[in-house]
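Input: a single structure, listed below in structure tokens.
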Amino acid sequence: MSALFATVSDVQARFPDDAALLCANESTRLPDWSRFAAALSDVSMEIQIVLQARYTPARLAELDEESLGALKIFAIDMAMYRVAVAWSRTTEQLKARYDLAITRLEGIASGKKGALTFVDGAGAVDGVTSNASPGEALIVANERQFTRDNARNW
């Protein structure tokens, strides 16, 4: 199973009243937090699948705090919408936040609207750090063997 980008505690801390209402049991009217646990598991897998268009699973395991924080917000917004839809409690605001999270994730995955950063530095590939824009190819190769200067020696 993939790592969770947000926990039930994160949802409770960010939206305590709204989340409790969304996951309330119809009979007891008490919050059923297992609904959020399932939704968070689902959206964490969905986030990983979207981001794997650009990042390997091993690379996603090396995200820094800022990137993890952004993904946590996306996961919470997506989970809130999933729980709301599952129990017929959705609103336009929840749908808009879900759509925005998906759009941002797809933008990151395509390299057109941002990038994730990692513990070893943004844009690091095999220990080489680049200041290139997201999505720009970074080539790590051996030193050139044939140049104009050494062409006479061949």
| said: Looking at the stretch 35-62 only, could you name the residues that are at pLDDT below 95 and open to solvent by less than 30 Å² (accessible area, probe 1.4 Å)? | reply: Tyr55, Leu60
| message | If I filter the stretch 71-114 down to residues being assigned to a loop (DSSP other than H, G, I, E, B) and touching a residue at least 12 places away in the same chain (Cβ under 8 Å), which single residue comes out as farthest from Asp42 (Cα to Cα)? | response | Lys112
| Among the residues of the stretch 9-20, which ones are surrounded by 14 or more Cβ atoms within 10 Å (Cβ to Cβ), more than 17 Å from the chain's Cα centre (by Cα) and of a type in the set (A, V, I, L, M)? | Ala19, Ala20
| request: Determine if the stretch 22-34 includes at least one residue that is open to solvent by less than 30 Å² (accessible area, probe 1.4 Å) and without any contact (Cβ under 8 Å) to a residue 12 or more places away in the chain. | output: yes
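The values are calculated or read from the model by the stated rules, or taken from the named source; none is laboratory data. Fair warning: this is a prediction, and the values are worked out from it, not measured in the lab. Here the Cβ is made from the backbone with ideal geometry for all residues, glycine too, and neighbour counts use every protein chain on show. Only protein heavy atoms, including side chains, enter the accessible area calculation; ligands, DNA and RNA are left aside. Shrake-Rupley method; radii C 1.70, N 1.55, O 1.52, S 1.80 Å.
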